[in-house]
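Taking it in order: structure first as structure tokens, then the write-up.
Every read-out reported here was derived from the displayed coordinates using simple, explicitly stated rules and does not represent laboratory data. Bear in mind the structure is a predicted one, so any value in this text is a computation, not a measurement. Using ideal geometry, Cβ is built from the backbone for each residue, glycine included, and neighbour counts are taken over all protein chains shown.
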Amino acid sequence: MSNAHLLSDTGTLLEYHPDKKETIVQVDDSDNRFLYDEVTLILTGPAGEYKIDSSMVGEKIKFSYFHSTPTDKPTLEIYLIDKWEK
């Protein structure tokens with residue numbers, strides 16, 4: 001599958017709940033694409049694509065989601081998530 005149709009953003013990992021396949025992120029929303037500052041990310045992609053664990057709480061992450069996904073809700077279905085690299 002091509003990732004050309006995915007958008008990416010960054011945020012600070014506030015909570016990680018692997019049992020629920022979700023995490024809470026403080027979004028770094030410089031272009032005001034998100035209505036909420038804190039968003040619950042619902043992990044929908046392949047498990048191997050989520051390179052996070054609970055030790056990363058407080059660190060910056062990068063998350064990717066489909067272009068058609070609405071960003072005006074307190075939850076966001078995402079496809080990829082990884083530690084943010086400068």
Nitroxide proxy distance, nm - points 7 Å out along Cα→Cβ at ASP29 and LYS73: 1.5
Cα gyration tensor shape of the chain, rounded if a/c is under 1.5, else prolate or oblate by comparing a/b with b/c: rounded
Percentage relative contact order, the chain, counting C-alpha pairs under 8 Å, at least six apart: 34
Whichever aspartates and glutamates have a C-alpha closer than 14 Å to that of LYS60, once near sequence neighbours (fewer than 8 apart) are set aside: ASP9, GLU15, ASP28, ASP29, GLU38, ASP82, GLU85
Furthest towards positive pole of dipole, HIS5, VAL39, HIS67, structure part the chain, Cβ charges: HIS5
Peptide ranges 11-18, 38-45 listed from the most packed, as the mean C-beta count within 10 angstrom indicates: 38-45, 11-18
